1. Looking at the chain only, what percent of DSSP beta bridges run antiparallel? Nearest 5 please.
2. How are the alpha carbon pair distances in region 335-436 distributed across 5 Å bins from zero to the largest one, expressed in percent?
3. Let me check against my output: what whole-number percent is the relative contact order of region 332-468, with C-alpha pairs under 8 Å and at least 6 apart?
4. Run the Debye formula on the Cα coordinates of region 69-147, all scatterers equal and no solvent, and tell me log10 I(q)/I(0) at q = 0.12, 0.21, 0.22 1/Å.
5. Counting DSSP beta bridges in region 5-144, what percent are antiparallel, to the nearest 5?
6. For Cα pairs less than 8 Å apart in space and 6+ apart in sequence, what is the mean separation divided by the residue count of the chain, i.e. the relative contact order in percent?
7. How large is log10 of I(q)/I(0) for region 68-113 at q = 0.15, 0.26, 0.31, 0.32 Å⁻¹ when the intensity is taken from the Debye formula with one equal scatterer per alpha-carbon?
8. Rounded to the nearest 20 debye, what is the charge dipole size of the chain about its Cα centre when +1 sits on each Lys and Arg Cβ and -1 on each Asp and Glu Cβ?
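What follows draws every value from the coordinates through simple rules; no lab data is involved. Keep in mind that this is a model prediction, so the values were computed, not measured. Counting neighbours? That spans all protein chains shown, and the Cβs are built from the backbone with ideal geometry, glycine included.
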Amino acid sequence: MIDTLRLTAEGAKDLLERKEVSGDELFAAYLAAIGERDPELHCYLHVCEDPGGAGIPIALKDVIGTRGIPTTAGSKILEGYVPVYDATVATRCKEHGLRVLGKTNTDEFAMGSSTENSAYGPTHNPWDPTRVPGGSGGGSAAAVSAGLAPWALGSDTGGSIKQPSALCGNVGLRPTYGTVSRYGIVAFASSLDQVGPVAKTVRDCAFLYSVIAGRDPCDSTTVESPEVVLPAGDDLKGLRVGVPKELNEHEAIEPGVRKAVEHAIELCRQLGAEVGECSLPRSVDFGLPCYYLIAPAEASSNLARYDGVRYGYRSPNSADRLDMYTHTRDEGFGDEPKRRILVGTYALSAGYYDAYYGQAQKVRTVIAREHAQAFENFDVLVTPTSPTVAFELGGRTADPLAMYASDLLTIPSCMAGLPGLNVPCGLSEGLPVGLQLIGPQFAENALFRVGHALEQAIGFDFVPERLR
């Protein structure tokens, strides 16, 4: 019998190569697990019964366009939309023989930090179903954690891969902006969006990144990236690890999270790294407000295309074309997209553009320069990924600002276009704590090296305690 809770993608590959299981048997095992556990967790919005192929199964966040498979971005306004082409990342997965298990739940248009904004209901955390899995990619993170997929793809704008990976006990990578194609991805904020892998181990994460990374002629923002090296070592000799004071001592960080992260930093020393303190004051002070001007501004532009004319939901309650636009957008969008469209449209409006959006872009440059300065002395920076462990469902839905603060520690490096890797580093209150590793552009291999060494030293059991 195949234990999908403990099976890694690397382990699945070995089983297939040794012909101990067939591709169909492996796929059927995950379908059985989905049938058993997903009714409680709601990780999937659509499950594929027979996608063809014989390789390792994979789950895809429902912002990734898939030919012949519904793609809703967690929104009513895209209800019933079935793309006629694959996103580049989906094509690359299929070219490597990966079999699509299904599409995972997400905050609507990837806007949120808890996967509670989905028009199709929230996802529950496999460690404690009364808690959120993080967001916006909570469906992908929870699916991997609960053994409903060996690995998955998510998307990250301000922390939507890293933060749910932290709350669900996974390894999750937000790659350097431009190393992974955005072609075929439902857009949120185009200068920030990036697709990346979610997995049980650092090696699995690195391998999946190697599958999707690389230049794409369909996306002019992509670049060639360094060849991925699967990590194998267990020491950090010769590496300089920086500890940003403001991101490690922020008052929002829970004591249990702080303790687990401090232990991981001490392990870096024991593994041979040179550890020192650095400072990112402007990134912490201005990262969140800067993000919540730039991201909504770009969202208001990207979401203008959803008007009921070409695809997706169209309101039946309309007398004329203008009425149809108004009712479709009012009925089709949830509260969070509406909130961000309003904020973003205001920030881009005549007389306010320079004061808000233009000023935020200048601050973004300051944040990028501040990180670059830190990397003059360090190879990798370490911080908590989330200031808290998974919070209760409904605990922050009435307070958007409290919800936004969930991404306080992940946003600054995203604004700078830098790669970030979440690695589980322990438990607090019986729930996973995530360690965020940040590198300079194109330093994914360094992140994998540090993450793998810490993974071996920490010995985190990625199977939720209640499912063991």
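1. On the way: 32 of 46 bridges.
Looking only at bridges with both residues in the chain, the antiparallel portion is about 70 percent.
2. 2, 10, 14, 17, 18, 16, 12, 8, 3, 1, 0
3. 22
4. Log10 of I(q)/I(0), two decimals: -0.37, -0.97, -1.02.
5. Working: 5 of 10 bridges.
Around 50 percent antiparallel, to the nearest 5.
6. 19
7. -0.45, -1.04, -1.16, -1.17
8. Once rounded to the nearest 20, the dipole reads 600 debye.
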